[in-house]
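Have a look at the structure below before the remarks.
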Amino acid sequence: HNEGGSYRDADKPFGLVVSMNPPHMPYDLVPEYYVEQYADLSDEQLCTRPNIPPAGTKWGDYYRANIRNYMAMITGVDRQFGRIVQALDEAGLADDTIVVFTSDHGNCLGIHGEISKGNHYEESVRVPFMIRWPDNIPPRRDDLLVSTPDIYPTLMELMGFGEDIPSGIEGESHAQIFRGNNGPRPQSQLCLGTSAEQPDCGWRALRTHTHTLVISTISAQPDEVCLYNNQEDPYQLQNVAGENGELALSLTK
């Protein structure tokens, strides 16, 4: 609320970034109000993904110990984000405001033996991206491969500052596609995990509409190659690099 212009000049544009911490460990730091909404669901009702490790294993028990609070945190984020959108509607600013909902990473929560992020699996790298601008961005679902560096130039162009986008930035603007027009569509997304101390090691991944290719490099050892068919195996349970050598090789070029 901006009564009397106490926070900003109501006649000037504004930008607001709300960076919520949840869902994030420690998972018990969530209001009980949200946890109670999952009280009638058993652990197994919350464990519907086939790649969740079984109960009785380290990571299977870790998932089950935290999934209820994790979902409660997501519910809390949904509720608070909804309040922001509602406030824009009530202030009559919805039609003039671009709203973006996204995240910097996902969370395996024990899936694939990974405690959280920093890996190439879908649970970690595939994040939500929703954008709303009434009468300017037609509502729909699109399979456009958007990467985090694309957000800045896309928003710049949507706001009318396309000519001010600095040269040499990593991302590309998809403003025309967002508006419902045609434009170049990326065929892949790059993901990588490495360290400043050993930049030649770590892993590099290429994600297309159908596959994820991962090449992991450990010093003095042969590269490990993983290939997942995300259409036939969306939970990435089977490495098919061995029987798809030519496809894996083509994705490196």
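Mind checking whether some residue in the range 172-193 is of a type in the set (Val, Ile, Thr) and within 19 Å of the chain's Cα centre (by Cα)? Step through it out loud before you land on a result.
Restricting attention to the range 172-193, the residues satisfying the condition of being of a type in the set (Val, Ile, Thr) are 177.
Then keep just the ones that are within 19 Å of the chain's Cα centre (by Cα); that gives none.
Taking every residue of the range 172-193 in turn, none turns out to be of a type in the set (Val, Ile, Thr) and within 19 Å of the chain's Cα centre (by Cα).
Within the range 1-54, restricting attention to residues that are in a helix (DSSP H, G or I) and closer than 18 Å to Ile84 by Cβ, which residue is modelled with the highest pLDDT? Steps first, answer last, please.
First pass over the range 1-54, keeping only residues in a helix (DSSP H, G or I): 3-5, 32-38, 43-46.
Among the residues that remain, those that are also closer than 18 Å to Ile84 by Cβ are: 3, 34.
Details: Glu3: 80, Tyr34: 97.
Restricting to residues being in a helix (DSSP H, G or I) and closer than 18 Å to Ile84 by Cβ, the top hit is Tyr34.
Select from the range 204-253 the residues that are within 17 Å of Gly118 (Cβ to Cβ), of a type in the set (A, V, I, L, M, F, W, C) and open to solvent by 40 Å² or more (accessible area, probe 1.4 Å) and list them in ascending order.
So in the range 204-253, the residues within 17 Å of Gly118 (Cβ to Cβ) come out as 204-205, 207, 212, 214-218, 224, 226, 236.
From the residues that got through so far, the ones that are of a type in the set (A, V, I, L, M, F, W, C) too are 205, 214-215, 218, 226.
The answer is Ile215, Ile218.
Does Asp104 satisfy being over 28 Å from Gly202 (Cα atoms), open to solvent by 60 Å² or more (accessible area, probe 1.4 Å), out of contact with any Ser or Thr (no Cβ under 6 Å at 6 or more places or on another chain) and of a type outside the set (S, T, N, Q)? Don't jump to the end; show me each part of the working.
Details: over 28 Å from Gly202 (Cα atoms): no; open to solvent by 60 Å² or more (accessible area, probe 1.4 Å): yes; out of contact with any Ser or Thr (no Cβ under 6 Å at 6 or more places or on another chain): yes; of a type outside the set (S, T, N, Q): yes.
Judged against the criteria, Asp104 is not a match.
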Residue identified as under 30 Å from Arg49 (Cα atoms) and among the basic types (Lys, Arg) among Arg204, Arg179, Arg185:
Arg204
Starting from residues that are buried (at least 17 other Cβ atoms within 10 Å of the Cβ) and in contact (Cβ under 8 Å) with a residue 40 or more places away in the chain, keep the ones in the range 151-171 and report whichever is farthest from the chain's Cα centre (by Cα).
Leu158
So, first residue under 13 Å from Lys58 (Cβ atoms) and in contact (Cβ under 8 Å) with a residue 60 or more places away in the chain in the range 109-120, second residue open to solvent by 40 Å² or more (accessible area, probe 1.4 Å) and not charged (D, E, K, R), Cβ within less than 6 Å, six or more apart or across chains; the pairs are Gly113/Trp59
Just name the residue that is least open to solvent (accessible area, probe 1.4 Å) out of those in the range 14-32 that are in contact (Cβ under 8 Å) with a residue 40 or more places away in the chain and not hydrophobic (A, V, I, L, M, F, W, C).
Tyr27
Taking the range 207-253 only, how many residues are more than 20 Å from Asn51 (Cβ to Cβ), free of Cβ contacts under 8 Å to residues at least 12 places away in the same chain and not in a loop (DSSP other than H, G, I, E, B)?
4
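So, Phe81, is that one touching a Phe, Trp or Tyr at 6+ places or on another chain (Cβ under 7 Å), open to solvent by 50 Å² or more (accessible area, probe 1.4 Å) and either under 30 Å from Pro149 (Cβ atoms) or part of a loop (DSSP other than H, G, I, E, B) (or both) or not? Break it down into steps so the answer makes sense when it comes.
Numbers: touching a Phe, Trp or Tyr at 6+ places or on another chain (Cβ under 7 Å): yes; open to solvent by 50 Å² or more (accessible area, probe 1.4 Å): yes; either under 30 Å from Pro149 (Cβ atoms) or part of a loop (DSSP other than H, G, I, E, B) (or both): yes.
Criteria met by Phe81.
The values are calculated or read from the model by the stated rules, or taken from the named source; none is laboratory data. Worth saying up front: this structure is predicted, and the values here are computed from it rather than measured. Positions of Cβ are backbone-derived with ideal geometry, glycine not excepted, and every protein chain shown enters the neighbour counts. Accessible surface is based on the protein model in full, side chains and every heavy atom, while ligands, DNA and RNA are left aside. Shrake-Rupley method; radii C 1.70, N 1.55, O 1.52, S 1.80 Å.
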